[in-house]
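The values are calculated or read from the model by the stated rules, or taken from the named source; none is laboratory data. Predicted model, so just to flag it, every value in this text is computed and none were measured. All Cβ positions, even for glycine, are placed from backbone atoms using ideal geometry, and neighbour counts span all protein chains on display.
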Amino acid sequence: MPREQRDWDRQADANRRLFEAEIEGLAGGHWDNFHRDYRSFWDHVKRISALFKETSPLCREDREQLWTRFGALCEEAKTAGQKERGEKVGQSNLHKNDILSAVFDSCPSWIGGLGPATRDDLIAMGQRLKEAGAMLSTHKHEMLGEHKRECFEKICEARNTHDAHWAGLKAEGERKRSNFLERVRANLEKNHERHRKVAQALERSRVHAEELRDNIASAWNDEYSDRAQGWLSEEEDRIRDIEESLEQIEGWIREDEEKLEGR
């Protein structure tokens, strides 16, 4: 056998072994925890395809056998990948629907017939939105990118809606507080004016009572003294009533002042 032929056969045999090793590596590699890594698998397929174009010499029979084996592996991986993707799409859809359902429950603007959200409403809905975020975090590796993006966008939209409702509640609370304080101040002013008038009335009654006592002390006869004593008794009753009213008004003033101080 000519030397050139021997060299050709030797190189062809080496090339055959190279292809066999590559194809065996393709068949047995690219697995991670019993799941095929399709990205690295198809990258390897591209390298082997390039070898078929670039590598020479190689016996025709060997080339055909190797190509058949290589093609079968590719077809098997394609079929398995399509099946796995179909399963993943179904699983991803389930997770997406669960997450979006939680997001819908969490958003007051999307629930038909619901009136203005209260603080308790928003706290409960915030917990539901938190659950939606936790579900996305837990199942994101089992979901398609498009489904993850859709869920993430809806969660962000719901958070913005929550923020708007919280801002509205805060503004409404501040408005009510402002109106309340305005009413308290007005009432406090009235009570101060009422206190001033009652205090003046008390002072007049006390002065009158002192005058009656002086008159009784200097009375020129018993008849007048008895009449003055009756007037004094009435005036003293009036003073006690006025003092009670004054204490009541002072209590109202203290209450109003405590309200203004936020106590």
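Hey, could you check segment 205-263 for residues that are over 59 Å from the mean Cα position of the chain (by Cα) and not in a helix (DSSP H, G or I) and say which is modelled with the lowest pLDDT?
ALA219
Take THR55 and decide whether it is touching a residue at least 40 places away in the same chain (Cβ under 8 Å), more than 41 Å from the chain's Cα centre (by Cα) and under 30 Å from GLN5 (Cβ atoms).
Here the answer is yes, as THR55 does meet what is asked.
Please state which one of ASP222, ASP121 is acidic (Asp, Glu) and surrounded by 15 or more Cβ atoms within 10 Å (Cβ to Cβ).
ASP121
Might you check whether a residue that is under 30 Å from ASP121 (Cβ atoms) and either small (Gly, Ala, Ser) or not in a helix (DSSP H, G or I) (or both) occurs anywhere in segment 173-190?
Yes: segment 173-190 contains one or more residues that are under 30 Å from ASP121 (Cβ atoms) and either small (Gly, Ala, Ser) or not in a helix (DSSP H, G or I) (or both).
Would you be able to say whether some residue in segment 11-22 is at pLDDT below 90, in a helix (DSSP H, G or I) and in contact with a Cys (Cβ under 8 Å, 6 or more places away or on another chain)?
yes
Kindly check whether there is at least one residue in segment 226-235 that is surrounded by 12 or more Cβ atoms within 10 Å (Cβ to Cβ), within 30 Å of ARG119 (Cβ to Cβ), basic (Lys, Arg) and out of contact with any strand residue (DSSP E or B) (no Cβ under 8 Å at 6 or more places or on another chain).
no
Let's see how each residue does on (1) modelled with pLDDT of 90 or more; (2) touching a Phe, Trp or Tyr at 6+ places or on another chain (Cβ under 8 Å); (3) surrounded by 15 or more Cβ atoms within 10 Å (Cβ to Cβ):
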position	(1), (2), (3)
SER40	yes, no, no
THR55	no, yes, yes
GLN65	yes, no, no
CYS74	yes, no, yes
LYS78	yes, no, no
HIS95	yes, no, yes
GLY115	no, no, no
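If we scan segment 98-108, do we find a residue that is among the hydroxyl-bearing types (Ser, Thr, Tyr) and farther than 22 Å from HIS162 by Cβ?
For segment 98-108, residues among the hydroxyl-bearing types (Ser, Thr, Tyr) and farther than 22 Å from HIS162 by Cβ: absent.
Select, from ARG149, ARG194, ARG175, the only residue that is within 30 Å of ILE253 (Cα to Cα) and exposed (fewer than 12 other Cβ atoms within 10 Å of the Cβ).
ARG175 is the lone residue from the list that is within 30 Å of ILE253 (Cα to Cα) and exposed (fewer than 12 other Cβ atoms within 10 Å of the Cβ).
Looking at segment 151-165, is at least one residue part of a helix (DSSP H, G or I), farther than 17 Å from SER92 by Cβ and aromatic (Phe, Trp, Tyr)?
No - not one qualifying residue is present in segment 151-165.
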